[in-house]
Structures are given as structure tokens and as C-alpha cells.
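Okay, so here's the structure we're looking at.
The values are calculated or read from the model by the stated rules, or taken from the named source; none is laboratory data. Since the model is a prediction, treat every value here as computed from it, not as a measurement. Here the Cβ positions follow ideal geometry from the backbone for every residue, glycine too, while neighbour counts run over all protein chains shown. SASA here: full protein model, heavy atoms, side chains in, ligands and nucleic acids out. Shrake-Rupley method; radii C 1.70, N 1.55, O 1.52, S 1.80 Å.
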Amino acid sequence: LHDALPISIRSSEALLSAVSGAGGNPLQAPGSPLDPALLAGRSADDIMDAVTDAVRPVDGTQDSESSRAAIRDVLSDTLERYPDADLLNLTDPQKEHAVEVFVAGDIYGRFYLDLGTHVIENAPSTSAGLSRLKEIRDYIRETVAEAFRNLNAKGQSLSKTRVAAVVRDAIQETFDVFEGYSR
């Protein structure tokens, strides 16, 4: 799980950039994959695909596919919560929502890939193992949500550095709390 840290941080930072508008954003520069002029008039699905590809290109690994699914899920969730959202230029509250939900989903996806089978195998029953995985997913969601609430309470805006710290702390805390489930 600790090996996933740099990848989760880079993906979280790239997502924040991808949805932050064109001003100084290399992902949205003219001719780039998220150039607003090239995506003008495209469907929400096309834009979600473009953002997913820009943030986490296909590389054939399970980690990549897990992150890509988390990106796609969060973009869809953001549009459900904010139907008028511009996925290439989210407002601050929309960005916070998107990055928070992505971080939680990505960390859980990585935990599941690395330790999910062990959690189920080491539980007294399959249903107990699945219950433990749900507990872990819920814990990760709440840990990440609390970290974002703390940023807001301190008046700190979302930045790559702060997102990296949230990812690092959430992975470490999850591993520390649930390591016993995989033994």
C-alpha cells in the first residue's frame, strides 16, 4: 500500500489541475488533451473520458484501472451533485468535492488491490471479510472527509501540497489501523 503513495499523490494532483480551469494549466493549454476549444460541444461522457485519460493514462496495470475507475466515478458523482458543473473549470466547492471523493476512492481501490484478498481470507467467514472491507471503505471516506473539513476549518484552500498531505496521511492511517485485518 505504501508503494501506491506516489501514484495516488500524482493522480490527485493531476485531477486537481485537470478540473481547475485553463489559467496556467498545462493540461488545458491550446492543443493539449484538455484544451477547452477542442472539447467544446462534446458530451459529458467525452469530457469525462478526456479528463480520465489526461489524469491517469492507460498503462495496463490494475493500479491504473483502479485509479481510472475512481476518476470516472468522481466526475460522474460531481455532475450528479452539481448538474451545471463545467468539468474543466470547477468552482472551489466542486473541486473540493471532486478531489475528496477521488482521494477516498483511489485509496480504497489501492487498499483493495493490495490487501483485499488477505482481508477476506483472514476473516472468520467471507461475509465477515466483506463486512471488514466495507468498514475499511467507510473509514477511509470519513478519514479523508475529516481531513478536508479540517482544511476548510483552518481557512486553507485546496492545493497540490495539501492534497498530497491528505493522501499521505490517509494511506498511513488506514494501513496502521487495518493492518491486522490482513494477517
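Tell me the residue from N89, N25 that is over 27 Å from I140 (Cβ atoms) and at pLDDT below 90, please.
N25
Restricting to the range 58-72, name every residue that is surrounded by fewer than 16 Cβ atoms within 10 Å (Cβ to Cβ) and in a helix (DSSP H, G or I).
Correct list: Q62, S64, E65, A69.
Provide a single number: the residues in the range 9-57 that are in contact with a strand residue (DSSP E or B) (Cβ under 9 Å, 6 or more places away or on another chain), part of a helix (DSSP H, G or I) and touching a residue at least 60 places away in the same chain (Cβ under 8 Å).
Residues that pass the stated criteria total 1.
When residues of the range 120-134 are filtered for being free of Cβ contacts under 8 Å to residues at least 60 places away in the same chain, farther than 17 Å from I171 by Cβ and either open to solvent by less than 80 Å² (accessible area, probe 1.4 Å) or among the acidic types (D, E) (or both), how many remain?
Total satisfying the criteria: 8.
Using the structure shown, decide if P6 is open to solvent by less than 70 Å² (accessible area, probe 1.4 Å), free of Cβ contacts under 8 Å to residues at least 12 places away in the same chain and of a type outside the set (G, A, S).
yes
List the number of the failed condition for L15; all other conditions in (1) more than 16 Å from L90 (Cα to Cα); (2) crowded, with 18+ Cβ neighbours inside 10 Å; (3) not polar (S, T, N, Q) hold.
(1)
Mind checking which pairs have a first residue in the range 89-116 that is acidic (D, E) and a second that is open to solvent by less than 30 Å² (accessible area, probe 1.4 Å), Cβ under 6 Å, 6 or more apart or different chains?
Filtered contacts from the range 89-116: E100/V144; E100/F148; D106/S8; D106/S67; D106/A70; D114/L1.
Which condition number in (1) within 17 Å of the chain's Cα centre (by Cα); (2) modelled with pLDDT under 95; (3) open to solvent by 20 Å² or more (accessible area, probe 1.4 Å) is the one that E80 fails?
Looking at each condition in turn, E80 falls short on (2).
Of the residues that sit in the range 104-119 and are more than 10 Å from R137 (Cβ to Cβ) and β-branched (V, I, T), which one is least open to solvent (accessible area, probe 1.4 Å)?
V119
If you go through the range 84-95 one residue at a time, do you hit one that is within 15 Å of the chain's Cα centre (by Cα), closer than 16 Å to V167 by Cα and open to solvent by less than 60 Å² (accessible area, probe 1.4 Å)?
Yes: one or more hits.
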